[in-house]
Amino acid sequence: MPKSSKPRKQYTPKPKAARIIKKYPECKICGNETRLANQSELANFKAHDPSMNMEFLFIPTCECWEKHDDWMIL
C-alpha cells in the first residue's frame, strides 16, 4: 500500500496560560495583608507629602507599623 504524499503534522504543545496571582504585601509581625489605598486616601497623602509621585499606596490593616520600622514583607 502506498504511503500518503502529505507529511505528518508535528505535535506542538499548547502554551499554558500564565496564572496571575493578586497578592498584596503582608505584615511581618502579625501576618495580616495590606490593602491598596483608594483615590481619596492617596490624594490626602499626596497633599501632606508633595514629593510622593507613586500612583498607588499600600496601607496596613494592623497597628504593627507604629512599633516596628520593618513591618512589611514584599
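The values are calculated or read from the model by the stated rules, or taken from the named source; none is laboratory data. The shown structure was predicted, so the numbers you read here are calculated from the model rather than taken from an experiment. Note: ideal-geometry Cβ built from the backbone for every residue, glycine included; neighbour counts use all protein chains shown.
Structural remarks
- Matching residues, the stretch 31-72, being in contact with a Pro (Cβ under 6 Å, 6 or more places away or on another chain) and outside any loop (DSSP other than H, G, I, E, B): PHE58, MET72
- Filtered residues of the stretch 37-74 (kept if surrounded by 11 or more Cβ atoms within 10 Å (Cβ to Cβ) and acidic (Asp, Glu)): GLU41, GLU63
- One residue from LYS3, LYS9 being modelled with pLDDT under 80 and charged (D, E, K, R): LYS3
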